[in-house]
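> Questions regarding the structure given below will be posed in turn.
The values are calculated or read from the model by the stated rules, or taken from the named source; none is laboratory data. Source: prediction; values computed, not measured. With ideal geometry, Cβ positions are generated from the backbone for all residues, glycine too; neighbour counts draw on all protein chains shown.
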Amino acid sequence: MTTAPADIALSTVRGARLAVLAALVPAAIYLVLNTSTDLLGNTQADVALLPLALAVIALQGFISLAAIHGRTPTGGRIAWLAIVACVAALIAAIGAADLPALWFVAAAGAAVFPSWMALLVLVASIAAFFALALGLISAPNDQVQFAVYTLVTAAAGAVGPFMALRLLDVVRDLARTRAELALTAADEERRRLSRDLHDTLGQGLSAVALKGDLALALLATDVPSVREELASLTGAAQRLRRELPDVVTAGGAASYAEEAGRAERLLREAGIDVRRSGEPGPLPGAVDAALGWVVREAATNVLRHSDARHWTLDAGRGDAAVWIEATNDRSRPAAGHSGTGLTGMAERLRAVGGRLRTAGEGDSFTLRVEVAT
């Protein structure tokens with residue numbers, strides 16, 4: 001499978017994850033080198049303090065990996081407090097040269113605290129960096145220049161990782177919304193086409209039928225052969241008018257395979273882990289279209305009514321029925337109640353002899369469809 005350029009853009013979940021790594025990896029390398037070696041000009045460096053620096057990086061990695069996958073880690077705040085303790089020990093041992101370790105306090109706070117609290121942690125980290133720098137470094141030659149440099153270093157170093165982690169949620173919401181719009185776009189186009197065809201062709205065929213009736217009345221005693229042809233025309237026009245809504249509704253319906261593939265691709269782009277297994281096999285056209293529509297609605301509901309990180313789609317065929325089952329985690333409470341989406345699915349399935357069942361357990365939600373074959 002090829003990778004499109006958009007897959008690595010910042011507006012995708014994958015791109016946002018790369019942005020987090022891009023912001024944290026250089027800071028981690030800097031912390032290790034600055035703590036344990038004098039390569040960066042730190043004459044106070046001590047290799048004996050390397051375990052503390054590695055502990056900060058490991059704890060930050062634990063918190064960041066959880067954030068990348070859309071969850072707050074168990075014990076995240078305890079891990080943040082451990083980072084604060086390690087950073088305090090490093091600064092106490094080395095002094096102002098290891099103040100950049102405070103960047104990790106702000107970055108970890110972005111992942112484990114609510115927005116307002118995380119912002120307070122960021123501001124406090126920058127303020128601590130600035131105050132400690134001014135207090136620990138005695139009599140710099142140009143105090144104004146030193147103060148500006150210190151403030152810029154504190155802000156730039158802390159804000160980069162902080163913003164990368166906070167933007168993850170924004171990008172994830174954007175990707176989910178984009179996936180939802182893509183899933184519903186085909187439906188909107190079909191509805192528009194249905195309205196246009198019904199209005200235009202319906203009126204036209206009604207006019208043909210009316211003219212045919214009029215011609216029959218005028219030619220009732222004159223030309224038997226013409227009467228026969230006009231009667232046939234009228235009957236055909238009336239039949240088409242009756243069948244038009246069904247023709248329009250069925251037109252352009254996507255199959256189960258097409259909709260399942262589209263749902264898998266879009267949900268993956270939205271940062272959701274998708275697992276598919278089984279296939280329903282060859283299906284009659286109406287059943288295939290109904291199952292495709294159900295899959296599209298199920299995937300849309302996952303985006304609208306859950307914060308899912310995992311979605312499974314299973315399909316199979318028994319002796320008397322074909323079935324599909326979709327399950328997602330992290331459902332919101334409303335997802336378990338019948339709404340217009342589930343009602344629409346049930347109605348569509350009844351038309352092809354199918355039935356719909358739903359079940360919720362904890363934060364998990366399962367939708368199962370069976371259609372007699």
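> Return the residues of the range 33-42 that are in contact (Cβ under 8 Å) with a residue 12 or more places away in the chain and either touching a Gly at 6+ places or on another chain (Cβ under 8 Å) or among the β-branched types (Val, Ile, Thr) (or both); say none if nothing qualifies.
Within the range 33-42, just Thr35 meets the criteria.
Yes/no matrix, rows are residues, columns are (1) surrounded by fewer than 21 Cβ atoms within 10 Å (Cβ to Cβ); (2) out of contact with any Phe, Trp or Tyr (no Cβ under 7 Å at 6 or more places or on another chain):
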site	(1), (2)
Leu291	no, no
Val294	no, yes
Asp314	yes, yes
Asp329	yes, yes
Val371	no, yes
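> Of Gly109, Gly41, which residue is in a helix (DSSP H, G or I) and of a type outside the set (A, V, I, L, M)?
Details: Gly41 fails: in a helix (DSSP H, G or I).
One residue alone meets the criteria, Gly109.
> Give the residue, chosen from Ala263, Ala257, that is part of a helix (DSSP H, G or I), small (Gly, Ala, Ser) and surrounded by fewer than 18 Cβ atoms within 10 Å (Cβ to Cβ).
On the way: Ala263 fails: surrounded by fewer than 18 Cβ atoms within 10 Å (Cβ to Cβ).
Among Ala263, Ala257, only Ala257 is part of a helix (DSSP H, G or I), small (Gly, Ala, Ser) and surrounded by fewer than 18 Cβ atoms within 10 Å (Cβ to Cβ).
> Next up: For the range 70-89, what are the residues that are out of contact with any Phe, Trp or Tyr (no Cβ under 7 Å at 6 or more places or on another chain) and farther than 19 Å from Ser115 by Cβ? Can you show your working first?
As a first pass, look at the range 70-89 and keep what is out of contact with any Phe, Trp or Tyr (no Cβ under 7 Å at 6 or more places or on another chain): 70-72, 74-78, 80-82, 84-86, 88-89.
If the condition is that a residue be out of contact with any Phe, Trp or Tyr (no Cβ under 7 Å at 6 or more places or on another chain) and farther than 19 Å from Ser115 by Cβ, then Thr74, Gly75, Ile78, Leu81, Ala82, Val84, Ala85, Cys86, Ala88, Ala89 are the ones that fit.
> Given the residues Ala110, Ala85, which is the only one that is touching a Lys or Arg at 6+ places or on another chain (Cβ under 8 Å), among the small types (Gly, Ala, Ser) and at pLDDT 85 or above?
On the way: Ala85 fails: touching a Lys or Arg at 6+ places or on another chain (Cβ under 8 Å).
When all the criteria are applied, what remains is Ala110.
> Scanning the range 127-166 for residues that are of a type in the set (Gly, Ala, Ser) and part of a loop (DSSP other than H, G, I, E, B), which turns out modelled with the highest pLDDT? If you could, list the steps in order and put the result at the bottom.
Filtering the range 127-166 for residues of a type in the set (Gly, Ala, Ser) gives 127-128, 131, 133, 135, 138-139, 147, 154-158, 160, 164.
Retained after the next criterion (residues that are part of a loop (DSSP other than H, G, I, E, B)): 138-139.
Working: Ser138: 64, Ala139: 57.
Ranking the qualifying residues of the range 127-166, first place goes to Ser138.
> A follow-up question, please. Would you point out the residue of the range 342-373, among those that are among the basic types (Lys, Arg) and in a helix (DSSP H, G or I), that is modelled with the lowest pLDDT?
My answer is Arg348.
> Okay, next question. So which of Phe113, Phe104, Phe130 is farther than 30 Å from Thr300 by Cβ and within 25 Å of the chain's Cα centre (by Cα)?
On the way: Phe104 fails: within 25 Å of the chain's Cα centre (by Cα); Phe130 fails: within 25 Å of the chain's Cα centre (by Cα).
After applying the criteria, what remains is Phe113.
> Just checking, which of Ala263, Ala290, Ala270, Ala257 is of a type in the set (A, V, I, L, M), under 30 Å from Ile68 (Cα atoms) and at pLDDT 85 or above? Steps first, answer last, please.
Values: Ala290 fails: under 30 Å from Ile68 (Cα atoms); Ala270 fails: at pLDDT 85 or above; Ala257 fails: under 30 Å from Ile68 (Cα atoms).
Unique residue meeting the criteria: Ala263.
> Same structure again: Every residue in the range 58-79 that is in a helix (DSSP H, G or I) and either free of Cβ contacts under 8 Å to residues at least 40 places away in the same chain or among the acidic types (Asp, Glu) (or both), please.
Filtering the range 58-79 down to residues in a helix (DSSP H, G or I) leaves 58-68, 76-79.
Passing the criteria: Ala58, Gly61, Phe62, Leu65, Gly76, Arg77, Ile78, Ala79.
> Quick one: would you say Leu54 is of a type in the set (A, V, I, L, M, F, W, C) and not in a helix (DSSP H, G or I)? Walk me through it before giving the result.
Working: of a type in the set (A, V, I, L, M, F, W, C): yes; not in a helix (DSSP H, G or I): no.
No.
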